[in-house]
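Here is the structure we will look at, set down as structure tokens.
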Amino acid sequence: MYNVREISPQIYWIGGNDRRLEQFENLFPLTNGVSYNSWLILDEKTAIIDTVDDAVTDQYLENIEHLMQGRELDYLIINHMEPDHCGNIENLVRRYPNVKVVGNKKSFQLFNQFYNMDITDNQMLVGEGDEISLGKHNLKIITAPMVHWPEVMMNYETTEGILFAADAFGTFGALTGNLFDDEVDYRNLYLDESRRYYANIVGKFGAQVQSVFRKISSFKINMICSLHGPIFRSDLNLILDLYDKWSKYEPEKEGVVIFYGSMYGNTANTADALANKLGQRGVKDIRVYDVSKTHPSYIISDIWKYSHLVAAAPTYNMGLYYPMDNLLHEMAALGVKNRKVAIIGNHSWSSAAQKLMTERFSSMKNMEIIGETFDIKSRLKDDEEQKLDDLADVIAASVLGNTEE
Ligand code: FEO
């Protein structure tokens, strides 16, 4: 059965939900699926903005058939050429052979890389500021290169003030029938997953997100439609402010994320003891993760959120325990910066982890190493407690704003 909803006069959500997919991009675990949003405008001219992943093709084509009632499709606007959104371009061109497929040079280059169909005759090249008039509705093209792919565009619908934002402002998590931010408990249902989506998928491209903010600053935006997750129409500032902060790599909150690697539980014991000491000193909302257990995308999401990090890991094969190595590599790749970091190594017969973690963090921008970094010898003993107390004092003072200058 068709499954659509009018979100504004003549504008319809025609997307689908996938709750079976285990990992988005075969990388990021999904606990509650993901939505692929697509939009149909039924004006004097008809237009579809982006398509959907192959996984929801049947539902998608049924939705379009139901709404189109035999009309011709005039425009298919391709804001993003990643397969979770362009999986149905070929299907739509086959069904509507006269459709103008709207994109830029890079969109069509990517289309030709991914697909075999020749759509040269359908192509309509657009660039910054171009406008497509559908009748009452008018779509202005905003290029958004590297948010998070090079071809990305957004559209500003000038009559209603709707921003079709490609992946930006999106989230993991399928839709629940409540399509709008004022119909869901966004903070509880989506916010953590939105941050995880941003940090891991868009996080590297903060400067490009800021550049889009500058472009859209003069637009009156009443609604934001992302390609994943709910539509913002009530509390737009919630997501706009978060995106501003996230893209500047500023923490949302003073707090500590402790992430450790531990082969036999000894580094875990030190991490837990440190967390306990921080709690006793008044630090609240501490997060503790085992890097061998928790998927890095969740840890990175909290690294984006909090101001202070503690990394603890053993030496392994005379190098760094590789789940920690992998996490630090990913952090560097995503351009994490502006955090305060404490480091604890562990070794039994050859010390490398402490030095390597220090090097990794030092290679990231504005990562201030605080407290005295130390290296456990196999297991922290009771008579070494002072080291942990000293470190807890420094971290707690920094988090709580009590650092004496
Ligand atoms: Fe939702 Fe970048 O694809």
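Things to note:
- Here each label is just a point 7 Å from Cα along the line to Cβ, and for Arg187 and Glu22 those points are 3.6 nm apart.
- Full-extension gain in nm, Ala397 to Thr31, via 0.36 nm per residue minus C-alpha separation: 128.1 nm
- For region 149-267, the spherically averaged projection of the C-alpha convex hull amounts to 9.8 nm².
- Each other residue within a Cβ distance under 14 Å of Cys225 adds +1 if Lys or Arg and -1 if Asp or Glu, for a net charge of -4.
- Taken as Cα centroids, region 193-248 and region 311-331 sit 32 Å apart, rounded to the nearest whole angstrom.
- Kirkwood hydrodynamic radius of region 163-203, from the reciprocal of the average inverse Cα-Cα distance over all distinct pairs: 10.8 Å.
- Taken as Cα centroids, region 356-387 and region 60-102 sit 55 Å apart, rounded to the nearest whole angstrom.
- Gaussian network model of the chain, Cα within-10 Å springs - most flexible of Gly345, Gly15, Gly177: Gly177
- Local net charge near Ser378, Cβ-Cβ under 15 Å (Lys/Arg +1, Asp/Glu -1): 0
- Using only alpha carbons, region 253-399 has a radius of gyration to Kirkwood radius ratio (Rg to Rh) of 0.92.
- The long axis of helix 353-363 is offset from the longest Cα principal axis of the chain by roughly 50 degrees.
- Start at zero, step by 5 Å, and the Cα-Cα distances of region 5-247 spread as 1, 6, 15, 20, 21, 19, 11, 5, 1, 0 percent across the bins.
- Cα-Cα P(r), region 1-119, percent of pairs per 10 Å interval: 13, 46, 32, 9, 0
- Over all other residues within a Cβ to Cβ distance under 11 Å of Asn98, the charged ones net out to -1, with Lys and Arg as +1 and Asp and Glu as -1.
- Among beta bridges that DSSP assigns inside region 266-405, antiparallel share in %, nearest 5: 10
- Length-normalised contact order of region 5-247 in % [C-alpha pairs under 8 Å, at least 6 apart]: 17
- Anchor Lys140: lysines whose Cα lies under 21 Å away (excluding residues fewer than 8 positions away in-chain): Lys45, Lys100, Lys105, Lys106, Lys215, Lys220
- Calculated FRET efficiency, His66 to His295, Cβ-Cβ distance, R0 = 35 Å: about 0.35 to the nearest 0.05.
- Annotation: lysines with alpha-carbon distance below 21 angstrom to Lys387 (same-chain offsets under eight excluded): Lys277, Lys340, Lys355, Lys377.
- Each Cα pair under 8 Å and six or more residues apart adds its sequence gap; the mean of these over the residue count of the chain is a relative contact order of 11 percent.
- Take the Cα of Asn317, step 7 Å toward its Cβ, do the same at Thr176, and the gap between the two points is 4.4 nm.
- Each of Leu320, Tyr264, Ala333 was placed along the dipole of the chain (beta-carbon charges, centred on the mean Cα), and the one lying farthest toward the positive end is Leu320.
- Label-point separation, Phe114 to Asn326 (7 Å along Cα→Cβ), nm: 2.7
- The chain: calculated mean residue ellipticity at 222 nm from DSSP helix runs of at least 4, using -39500 (n - 2.57): -9500 deg cm²/dmol
- In this calculation the C-beta distance from Thr159 to Leu236 is compared with R0 = 22 Å, giving a FRET efficiency of 0.80.
- The angle separating the long axis of helix 105-114 from the principal Cα axis of greatest extent in the chain is about 80 degrees.
- Sparsely packed loop sites in region 152-245 (the trypsin sites (Lys or Arg not before Pro) outside DSSP H, G, I, E and B with at most 12 other Cβ atoms within 10 Å) comprise Lys220.
- Stretchable slack from Ser348 to Gln280, in nm (0.36 nm times residue separation minus alpha-carbon distance): 21.5 nm
- Segment Lys215-Asn338, extension gain: residue separation times 0.36 nm, minus the distance between their alpha carbons: 41.7 nm
- Coarse-grained scattering of the chain at q = 0.09 Å⁻¹, given as base-10 log I(q)/I(0) from a Debye sum over alpha-carbon atoms: -0.60
Only the coordinates and a few stated rules stand behind these numbers; no lab work does. Because the structure is a prediction, the values reported are computed rather than measured. Reconstructed Cβ throughout: ideal geometry from the backbone, glycine too, with neighbour counts over all protein chains shown.
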